[in-house]
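What follows is calculated from the coordinates using simple rules that are stated; it is not laboratory data. The shown structure was predicted, so the numbers you read here are calculated from the model rather than taken from an experiment. Quick reminder, even Gly has a Cβ in these numbers, built from the backbone with ideal geometry, and neighbours come from all protein chains shown.
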Amino acid sequence: MNRPPVVSLAEWQEARDSLLTKEKELTHALDRLAAERRRLPMTRLDKPYRFTAPDGAEVGLVDLFDGCRQLVIYHFMLEPGEQHLCEGCSTFTDNLAEHTASHLRARDTRLILMSRAAQDQIRSVQQRMTWTVPWYSSYGSDFNDDIGLDGGFGLSVLLRDGDEVFRTYFTRGRGVDRLRLDFNLLDLTPYGRQEAWEDSPAGWPQTPTMQWLRLHDEYQRS
């Protein structure tokens, strides 16, 4: 088995301290980036969008906030009638802890999922995967098109001031990846995510990007 070199405790501590300096630099850089993100301008969303809530009720944009002033939407890739369940979106949702909502609400913030699929289709997936995050349908709405999703996944942040709603932030791709606990934990390990794009020593286990991901109830079948 290929593995890192074995050294004395003193040598390990010296290497660890050297890396820690770089980790602290990155932490401070991320703090500066977050400060800049908080200063982004925003754009008003004033179109009368309609959505279907988990209980089947038709709701508007303001209702998505459930009384909170901030809203985070994960745009889950599930199109009307689609049979395939996206492994990336599914494993992202798996990483959302059951009590995340309680901690976010303490800061007047709500997290929801949203897909183009109709609510009956969404409900079937949610029951299979045992997810509890509120999942809304934008079926029949042009909301996804207006925010430039183009059928892909992404994460939006909205701000509510009374009945006014504003779009403050959006990210996709690696911007969403960095929010996942599983990826962040794997990044701490010697072998990392074990994907081909990573800069790893020769001989480290690697497979094509995200090829290893399965729905959580399918790992035993692979």
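Taking R0 as 30 Å, what's the FRET efficiency between THR21 and SER102 from their Cβ-Cβ distance, rounded to 0.05? Can you show the working numbers first?
Working: r = 36 Å, r/R0 = 1.19.
Efficiency computed from Cβ-Cβ geometry: 0.25.
Mind computing the radius of gyration and Dmax over the alpha-carbon atoms of segment 107-147? Å is fine for both.
Calculated on Cα positions, Rg and Dmax stand at 11.6, 32 Å.
Extension gain TYR191-MET129, at 0.36 nm per residue separation less the Cα-Cα distance, in nm?
Values: separation 62, 0.36 × 62 = 22.32 nm, distance 2.84 nm.
Using 0.36 nm per residue and subtracting the Cα-Cα distance, I get 19.5 nm.
Taking neighbour counts of Cβ atoms within 10 Å as a proxy for exposure, in what order, fewest first, do SER90, SER124, SER115 appear? Each step should come with its number before you reach the end.
Details: SER90 21, SER124 11, SER115 26.
Ranked by crowding around the Cβ, least crowded first: SER124, SER90, SER115.
Largest first and in whole Å, what are the equivalent-ellipsoid semi-axes of segment 43-177 based on the Cα gyration tensor, each being the root of 5 times an eigenvalue? Intermediate results must be reported in sequence, preceding the final value.
Numbers: eigenvalues 86, 59, 46 Å².
Over the Cα atoms of segment 43-177, the semi-axes work out to 21, 17, 15 Å.
If you rank ARG193, ARG178 by fewest surrounding Cβ atoms within 10 Å, what's the result? Intermediate values should be presented prior to the final figure.
Values: ARG193 20, ARG178 12.
Ascending Cβ contact count within 10 Å gives the list ARG178, ARG193.
Give the list, by residue number, of cysteines in the chain with no other Cys Cβ closer than 4.7 Å, or say none.
Flagged as lacking a Cys partner: CYS68.
Looking at the chain only, what percent of DSSP beta bridges run antiparallel? Nearest 5 please.
For the chain, the DSSP antiparallel bridge percentage is about 65.
Counting other C-beta atoms within 10 Å, which of THR109, THR189, THR100 has the fewest, and how do the rest follow? Show your work: numbers first, answer last.
Details: THR109 17, THR189 9, THR100 13.
Ordered by Cβ neighbours within 10 Å, fewest first: THR189, THR100, THR109.
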